[in-house]
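Derivation of every value follows stated rules applied to the coordinates shown; laboratory data play no part. Since the structure is predicted, the reported quantities are computational estimates derived from the model, not experimental observations. Note that each Cβ is placed from the backbone with ideal geometry, even for glycine, and that neighbours are counted across all protein chains shown.
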């Protein structure tokens, strides 16, 4: 699943196939920003050590800008969401990022994050929730910690 305002790297579909083979049972975030801080710290360490994945730590939220959802994981998530008290409920559910973070925390689910990000969220359009104007990259919580870019080929990396 991709948010409508992302920019994807070259060969994304082929890279996603490799990632799906490596992580067939768990969701994989193809994007991580500078927030949540603990995930960003671990992602920076992984990037420095040429590691392709980190396990998303329990946090108030987990970015859902681009997520590979295996069918079994999506079914587990949807089953949980039917009866869960979602963040922000009973008013307006706070955010998809917060809901995923809550699922990880409450169900002790494993969600992986790719290092580097395979999509960028350039933050050029206002949030569809209407609470945040576009910051054009100034808000580091909304842009990739390290995006592979359009020139680098993700197929040159070992995703196994």
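Brief remarks on what is shown
- Peptide ranges 99-108, 6-15 listed from the most packed, as the mean C-beta count within 10 angstrom indicates: 99-108, 6-15
- Most tightly packed first, judged by the mean number of other beta-carbon atoms within 10 Å of their residues, the peptides 145-152, 18-25, 81-88 read 145-152, 18-25, 81-88.
- 97, 5 arranged by Cβ crowding within 10 Å, fewest neighbours leading: 5, 97
- Cα shape, the stretch 21-66, gyration tensor, a/c 1.5 rule: oblate
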